[in-house]
Amino acid sequence: MSEASTLSDLSASDLAGNERAIAYLGGHGCRTVEDAFALANILHTDRCVAEAARLYRRAYDLHSKQPHQMPPAHTLLHVSLLCELKSGETPADDDLRQLRALSIPYFNYITGIQAAWRTGDFVKAARVMGNCYDEFHTGEECDCLYLEVMRNVYRDTLYNGANSAFGAIPRKIYMYWDQNPPEEIEKNFSYHRSLQGVDVKLFDQEEAAQWLYDVYGVEARNLFLSSRHPAEAADFLRVHVIQQLGGWWLDADIRLKSEQVFFERLDHGRDHVFLLTNNHYIHNDFFGSISNSPILGDILLSLYRNSYLYPGLYIPYKTGPGVFNRAVNRAFHADFNRLGGLPSMRIYDQATFNDVIEEFDVKYKFEGKTWHTVNA
């Protein structure tokens, strides 16, 4: 496509009337790969997927197809085809052939999702997708869609599988606040300390740093202390604590609705209990596991890899739910391909999370200090 035929003629209808996209177009135009990609990302985020597919495709058509140009051509083409699938369209065979020539793992990802969504053949989807998620940063959409596929493949196992061979998850809850907790957090700590059936351990920054040094060494302490935000520090700490001690992690700004619902609503007889958001991210603000878990061990690998190689990565991808999704996906992939047994676990949906957990307002969230404000 020539530069003369770029998107200078875009109208509001081409952008689904999206105000953010229209404002971006007015300020930047759309004559480059970068601008077309930015517009497509806005539309995709706002779920205008048919229009996003066309913008991603235009970005791909403008691309030089040279490996040095970012974003890569295969990224643009695959996300265009993914948005087509989301909008109910069927990718053209020629587009799929182009994608395969650019990246076989990305081709496997798209054709696997097509099998899952169009025919409901989740076993075929899992077979086709392989471990395509490893081509992406932890926590990108591929991790979520792969997990969605595997939950369908393993539905009976996840609900009726074997209980823990290690005596179940310890009845211990761990929480963290870096320093000077506000009144609502102190009240939350007091509430959980009053529970009779669990032991509660609270960490602050100083104690957490010393504990990490004592148990995991100087690298763990240094990475923890170099976190860009307290939420990233808590992400780093939680995996180390539960892997070493076993038990339940609970973020300081959420609470168990009651001790009764905690024990009755969740299966405490598995080695791992995870809960999903509606878009298939694993909640890392509340989960349970035995110590020396193979899944948490894999999470630690991703934590350190991301911390050293991608220190500026978006926090949920770098240290948050993304590393949980990746580890669980690898466990499914290993079992599906007979490379290792599936660990004992139960995965619940967002409805169960809502049954068990109460979220409450915390002052810092209204002062612009959340992890959402952290830039690379």
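The values are calculated or read from the model by the stated rules, or taken from the named source; none is laboratory data. Owing to the predicted nature of the structure, the values given are computational and were not obtained by experimental measurement. Cβ: placed from backbone, ideal geometry, glycine included. Neighbour counts: every protein chain shown.
Details
- Options L158, L145; residue that is under 19 Å from L276 (Cα atoms) and modelled with pLDDT under 95: L158
- Any chance P67 is out of contact with any strand residue (DSSP E or B) (no Cβ under 6 Å at 6 or more places or on another chain) and modelled with pLDDT under 95: yes
- Failed item in (1) free of Cβ contacts under 8 Å to residues at least 24 places away in the same chain; (2) outside the structural domain of I299 (by TED's automatic domain parsing), with N180 passing the rest: (2)
- Residue count for the stretch 103-129, restricted to those that are of a type in the set (S, T, N, Q) and more than 13 Å from V149 (Cα to Cα): 2.
- Filtering the stretch 257-283 to residues that are touching a strand residue (DSSP E or B) at 6+ places or on another chain (Cβ under 7 Å) and either free of Cβ contacts under 8 Å to residues at least 12 places away in the same chain or of a type in the set (A, V, I, L, M, F, W, C) (or both) leaves F262, L266, V273, F274, L275, L276, I282.
- So F274, is it in contact with a Leu (Cβ under 7 Å, 6 or more places away or on another chain), at pLDDT 95 or above and either within 24 Å of R305 (Cα to Cα) or part of a helix (DSSP H, G or I) (or both): no
Residue-wise test of (1) modelled with pLDDT under 95; (2) within 26 Å of L301 (Cβ to Cβ); (3) in the same structural domain as Y56 (by TED's automatic domain parsing); (4) assigned to a helix (DSSP H, G or I).
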| site | (1), (2), (3), (4) |
| --- | --- |
| F107 | no, no, yes, yes |
| G112 | no, yes, yes, yes |
| A126 | no, yes, yes, yes |
| H192 | no, no, no, yes |
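- Residues in the stretch 282-302 that are out of contact with any Asp or Glu (no Cβ under 8 Å at 6 or more places or on another chain), of a type outside the set (D, E, K, R) and under 21 Å from D134 (Cβ atoms): I282, P294, I295, L296, G297, I299, L300, L301, S302.
- Counting only strands (runs of 3 or more DSSP E) that sit completely within the stretch 198-265, those holding 1 or more residues that are in the same structural domain as G297 (by TED's automatic domain parsing) and small (G, A, S) correspond to 247-250.
- Those residues of the stretch 219-252 which are crowded, with 20+ Cβ neighbours inside 10 Å and over 18 Å from the mean Cα position of the chain (by Cα), in sequence order: A220, L223, F224, S227, H240, V241, I242, Q243, G246, G247, W248, A252
- Cβ pairs under 6 Å, 6+ apart, first in the stretch 338-355 and not assigned by TED's automatic domain parsing to the domain that holds K257, second assigned to a loop (DSSP other than H, G, I, E, B) and not hydrophobic (A, V, I, L, M, F, W, C): none
- Members of the stretch 200-233 found to be closer than 16 Å to P181 by Cβ and either of a type in the set (A, V, I, L, M, F, W, C) or touching a Ser or Thr at 6+ places or on another chain (Cβ under 6 Å) (or both), listed by number: V200, L202, F203, A208, A231, A233
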